[in-house]
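Some notes on the structure that comes next.
The values are calculated or read from the model by the stated rules, or taken from the named source; none is laboratory data. None of the values given here were measured: they were computed from a predicted structure. Here Cβ is always computed from backbone atoms with ideal geometry, including for glycine, and neighbour counts include all displayed protein chains.
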Amino acid sequence: MIEGFLLGLSTGTSCLAFCAPVLLPYFVAEAHSHKRNLGALGIFLLGRLTGYLIFAVLAWAVGWLLLQPSADREIIFGAARLVLALLLIGYGFGLFHPACAVAADTSRGNRFQRRWGVPLPLWLGLLTGLSLCPPFLLALTETAQSPSLGHSLLFFLAFFAGTSLFLLPLPLAGVFRRIAVLRPVARLTAGVIGCYYLYLGLLMITEGGMHS
Amino acid sequence: MSVKSPAAARHGARPPVWKSLLKALPFIFLTAFMLLGGGASRDPRQLVPLILTFALISVLFFRMVHTGRTDRYRAVFFILMAFCFVLTFITNLIEVRGSMALTEEDMATGQTPFCHMVIPMTIIPAAFTRTIIFPGSILDGFANIATMFALWIGVTLALGRGFCSWGCFFGGLEDGFSRLRRKPLLRKIGHHWTYLPYAVLGAMVLLSAWTLTPSYCEWLCPFKAVTEFEAVTSTRVLIQTIMFGSLFAGLVVVLPILTRRRTQCGLLCPMGAFQSFSNKINAFDIRIDREKCTDCGQCIRVCPTFSLDANSVAEGKTRLSCTKCGKCVDACPQGAISFHVKGTPVGHKPERARMLFLYPAFLFLVVFGTGMIQGALYRIVLLVTTGSLIQ
């Protein structure tokens, strides 16, 4: 378990670099207080934890198979990235609620929750959790040889705790909430990042499709 | 009510020719010194471009001073510089490398010329990793990183976002295309899209910090279509090529023709967005004399970078994204818009403020553009005399 925590601590900057493009625009665009942002981060982390635990079960169940580059793997993770991209694009460019202009003042995150019943950060957390980033591959390598499901879950739990520490400063982005013009800019930023993920997702699926 | 021409509204009658010549002479001498500093070549194929370039610069600056118009003459040089840059750059590439396509080897050996568009994306990774995330050279070779940074800092301090209309060798392409039609076919572009460059800047800075690669160059930069690009060897590069090709066609050629605006600068360019913040610290800005302004909206209609709207006009100033091209100054029928030195009263000696801005601004334009125009003219002379653009 300590190994998992230390691995999380040593690779947490990568997780920060991976999650910050998704989370920062959200926090700035929603313009909530630090307290509410911290709550949103908690929900995001819950989603991410769910993603990690799904991985833990998969790692235990299929072991080394998950680590082998394969067409199916590319397609599955490409699809996860595609969903994340569509969420960000929808959030950024106002596609969830076409009647509202980008500059509308009401929180788009709240509207998403009303419409889909689940907080947006939970989805963002889950989908960023379902990603084969380098720290994750390291953790997978460790758990692929795991003797039991319990061990695998504990390892990923500790790994999650180690990496999550790096995300704790992100809610401080709420300090920008008084600069009104940053809100539409941050929403559009989320949309642009979504476009980038869309290309990455499509690329993974295309390459996966070509290999199969 | 009779409407005076903008220049007449601003200055009354034109100044005497001798007075304008006197004002232009220091600049003409400086240009001559710059062009002839290393001694003139005896090769007529080099000499003809040099003389033509010098004549062009002198005439344009004199006309700018004498007529009181800024954008009309700036645009001639700016557009010419961009097209000449493309011609010179591509022919050089083909001469040296045989193709516009970059290979993995070129990038691994740091032979990619550094471009100012990368600057905003390099700052955060450089702060954390002490590495410039670009496959170029710090000090060696053509367009090395140190030289480009030094030039950029100089222009930024002197002109703020004026860099985009007086220094950027890409902006002239869309400026040129935006002037092809007399009237725009597409007038309405949602105000919120003018925030997009800041969003692209934010996204690219975050993605570059995450991937430690210049994401904008890799994925979006439309100007790769007229400079150099990665050879298509994989699906990833194919997608990237389709993307930057489409962005070039859409934002640099088609939309500028349809809207008469510089749509890449106004709706996408992250470097422009980054540069906008330097307008805060720059000594010059464009101001509107509210006592003279009749709210006719002409300035809003002509602004190529969406830097004027009803709110900013009501406040008597431009938005942060103003590139100080002078188009609104030339277009205002009341002469209510002028270049302005911060800290002085609005409308106070506007011609003096304009001249104070013009000297450094046109100097940078000449510094950036002279070599490109000379180079392109040389290629044209080559074509005429040898039948080929390549030596």
Can you pull out the residues in region B:173-195 that are within 14 Å of chain A (Cβ to nearest Cβ) and either without any contact (Cβ under 8 Å) to a residue 60 or more places away in the chain or part of a loop (DSSP other than H, G, I, E, B) (or both)?
-> B:Lys188, B:Ile189, B:Gly190, B:His192, B:Tyr195
From the option list B:Tyr216, B:Tyr198, single residue qualifying as more than 10 Å from chain A (Cβ to nearest Cβ) and in a helix (DSSP H, G or I) is B:Tyr216
If only one of B:Ala310, B:Ala361, B:Ala376 is farther than 25 Å from B:Ile57 by Cα and of a type outside the set (S, T, N, Q), which one is it?
-> B:Ala310
Of (1) closer than 22 Å to B:Cys269 by Cβ; (2) in the same structural domain as B:Phe33 (by TED's automatic domain parsing); (3) of a type in the set (Lys, Arg), B:Arg161 satisfies all except one. Which?
-> (2)
Any residue in region B:110-135 that's among the small types (Gly, Ala, Ser): show its pairings with residues that are crowded, with 19+ Cβ neighbours inside 10 Å at Cβ separation under 6 Å, as long as the two are six or more apart or on different chains.
-> B:Gly110/B:Gly136; B:Gly110/B:Ser137; B:Ala126/B:Ile132
With region A:71-173 as the region, which helices (runs of 4 or more DSSP H) entirely inside it contain at least 1 residues that are modelled with pLDDT under 85 and among the acidic types (Asp, Glu)?
-> A:71-92, A:134-143
Mind listing just one residue for me: the one in region B:229-249 that is assigned to a helix (DSSP H, G or I) and small (Gly, Ala, Ser) and, of those, nearest to the other protein chains (Cβ to nearest Cβ)?
-> B:Ser246
When the residues of region A:158-212 are filtered to those that are more than 30 Å from A:Leu53 (Cα to Cα) and more than 14 Å from chain B (Cβ to nearest Cβ), which remaining residue is surrounded by the most Cβ atoms within 10 Å (Cβ to Cβ)?
-> A:Arg177
Only helices (runs of 4 or more DSSP H) wholly contained in region B:100-159 count here; list those with 1 or more residues that are touching a Phe, Trp or Tyr at 6+ places or on another chain (Cβ under 8 Å) and at pLDDT 80 or above.
-> B:119-129, B:145-159
Residues being part of a loop (DSSP other than H, G, I, E, B) and over 29 Å from A:Met204 (Cβ atoms) - total across region B:250-268 = 3
Quick one: would you say B:Val384 is without any contact (Cβ under 8 Å) to a residue 12 or more places away in the chain, surrounded by fewer than 17 Cβ atoms within 10 Å (Cβ to Cβ), out of contact with any helix residue (DSSP H, G or I) (no Cβ under 7 Å at 6 or more places or on another chain) and in a helix (DSSP H, G or I)?
-> yes
Can you confirm whether region B:129-138 contains a residue that is of a type in the set (A, V, I, L, M, F, W, C), surrounded by fewer than 18 Cβ atoms within 10 Å (Cβ to Cβ), farther than 26 Å from B:Val205 by Cβ and not assigned by TED's automatic domain parsing to the domain that holds B:Thr305?
-> no
Checking B:Ser312 against (1) free of Cβ contacts under 8 Å to residues at least 24 places away in the same chain; (2) under 26 Å from B:Thr67 (Cβ atoms), the condition it does not meet | (2)
Give me a count of the residues in region B:13-58 that are in contact with a helix residue (DSSP H, G or I) (Cβ under 7 Å, 6 or more places away or on another chain) and more than 24 Å from B:Arg74 (Cβ to Cβ).
-> 5
Pairs under 8 Å by beta carbon, first residue more than 9 Å from chain B (Cβ to nearest Cβ) in region A:14-42, partner not in a helix (DSSP H, G or I) and not small (Gly, Ala, Ser), six or more apart or different chains?
-> A:Cys15/A:Cys133; A:Ala40/A:His32; A:Ala40/A:Pro119; A:Leu41/A:Leu168
